[in-house]
1. Only one of Leu99, Leu68 is farther than 16 Å from Trp209 by Cβ, within 16 Å of the ligand (Cβ to nearest atom) and either touching a residue at least 12 places away in the same chain (Cβ under 8 Å) or part of a strand (DSSP E or B) (or both). Can you tell me which?
2. How many residues does region 137-157 hold that are within 16 Å of the ligand (Cβ to nearest atom) and more than 20 Å from Asn92 (Cα to Cα)?
3. Scan region 192-219 for residues that are closer than 14 Å to Leu251 by Cβ and either of a type in the set (Asp, Glu) or away from the ligand (no atom under 16 Å from the Cβ) (or both) and jot them down.
4. Given (1) near the ligand (Cβ under 9 Å from one of its atoms); (2) touching a residue at least 40 places away in the same chain (Cβ under 8 Å); (3) not basic (Lys, Arg), identify the lone condition not met by Ser189.
5. Residues that are within 13 Å of the ligand (Cβ to nearest atom), within 24 Å of Cys136 (Cα to Cα) and not charged (D, E, K, R): does region 48-65 have at least one?
6. Tell me whether region 125-136 contains one or more residues that are buried (at least 18 other Cβ atoms within 10 Å of the Cβ), within 15 Å of the ligand (Cβ to nearest atom) and charged (D, E, K, R).
7. In region 71-86, what count of residues is obtained for those that are part of a strand (DSSP E or B) and within 10 Å of Arg48 (Cβ to Cβ)?
8. Arg48 is checked against (1) basic (Lys, Arg); (2) out of contact with any strand residue (DSSP E or B) (no Cβ under 7 Å at 6 or more places or on another chain); (3) exposed (fewer than 15 other Cβ atoms within 10 Å of the Cβ) and fails just one. What number does that condition carry?
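The values are calculated or read from the model by the stated rules, or taken from the named source; none is laboratory data. Computed from a prediction, not measured in an experiment: that's the story for all the values here. For neighbour counting, all protein chains shown are included, and Cβ atoms are generated from backbone atoms with ideal geometry for every residue, glycine included.
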Amino acid sequence: MDDLSRRFDEGLAATRAAGLVARDYFARRRELTVETKGPQDFVSMADREVEHLLVARLRALFSDDSVLGEEHGRQGEGRICWVIDPIDGTSNFVRGIALWCVSVGVLVDNVPMLGFVYDPVRDEMFAGRRGAGATCNGRPMRASAAGVDTARINLGFGLRQQPERFATVMQRLVAQGAEFSRFGSAAISLAYVADGRLEGFWENRINAWDVCAGLVLAVEAGAVVEDFFGGEGPARANRCVAAAPGVIAALRAAIA
Ligand code: IPD
């Protein structure tokens, strides 16, 4: 078994296990103390504990690999890096809205190679490996074949973004005939682009842990995806663009 195959199997198992722990916290969320890291930026013991469990498990298995997590930052220097968002969609999670997931990606020399997005409420495991396709609960995924006039594009908005710019993109999409929505989970958005449930996703400044896994899924399902990591690696917030082939031109025109 090659190195990435082992990481695929272990990563999938670890993401699922983490999701089940997160789901238990979700069921007891009223007992959680919710803190804010900044305006509209929530965190609770659930995020910290799920990340801690994932990091401990993965580092015990792959001690030479590095890890980058939303809550605890970077550990290690290895060229294989596990990029972890313990709960993507924390704002939904703490409100009791069942639209969040555990997201685990693997970068090799800053190229996203593996991605796992697990929605434990719906028991949907989205998994992908660069060059080998992407699946939802084992079923191969394909990006949508729709054109812009039947497209729905998810837009991400964080406070790092200028509201005027966000509004302009929204207006331009609607003017071209597209629908838009906002989920509050970039990882779920990208998984749904991969599975043809949505035609696109855009967020202007977003962190690597929100999108690393989902980008693998989208690429492997045939969506058009912009290079997020470039030469700079996962340290910097960047723009995330992914869309079905028939919609990418409209999305690019809207965000130009
Ligand atoms: C957030 C979600 C949201 C996006 C924000 C992210 P978090 O991640 O992905 O959709 O708009 O920019 O910070 O904080 O829930 O892990």
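1. Working: Leu68 fails: farther than 16 Å from Trp209 by Cβ.
Exactly one residue qualifies, and that residue is Leu99.
2. So the count comes out to 1.
3. First pass over region 192-219, keeping only residues closer than 14 Å to Leu251 by Cβ: 193, 198-204, 218.
Those that are closer than 14 Å to Leu251 by Cβ and either of a type in the set (Asp, Glu) or away from the ligand (no atom under 16 Å from the Cβ) (or both): Glu199, Glu203.
4. Of everything listed in (1) near the ligand (Cβ under 9 Å from one of its atoms); (2) touching a residue at least 40 places away in the same chain (Cβ under 8 Å); (3) not basic (Lys, Arg), Ser189 misses just condition (2).
5. Checked region 48-65: at least one residue is within 13 Å of the ligand (Cβ to nearest atom), within 24 Å of Cys136 (Cα to Cα) and not charged (D, E, K, R).
6. There is no residue in region 125-136 that is buried (at least 18 other Cβ atoms within 10 Å of the Cβ), within 15 Å of the ligand (Cβ to nearest atom) and charged (D, E, K, R).
7. Number satisfying all stated conditions: 1.
8. With respect to (1) basic (Lys, Arg); (2) out of contact with any strand residue (DSSP E or B) (no Cβ under 7 Å at 6 or more places or on another chain); (3) exposed (fewer than 15 other Cβ atoms within 10 Å of the Cβ), Arg48 is out only on (3).
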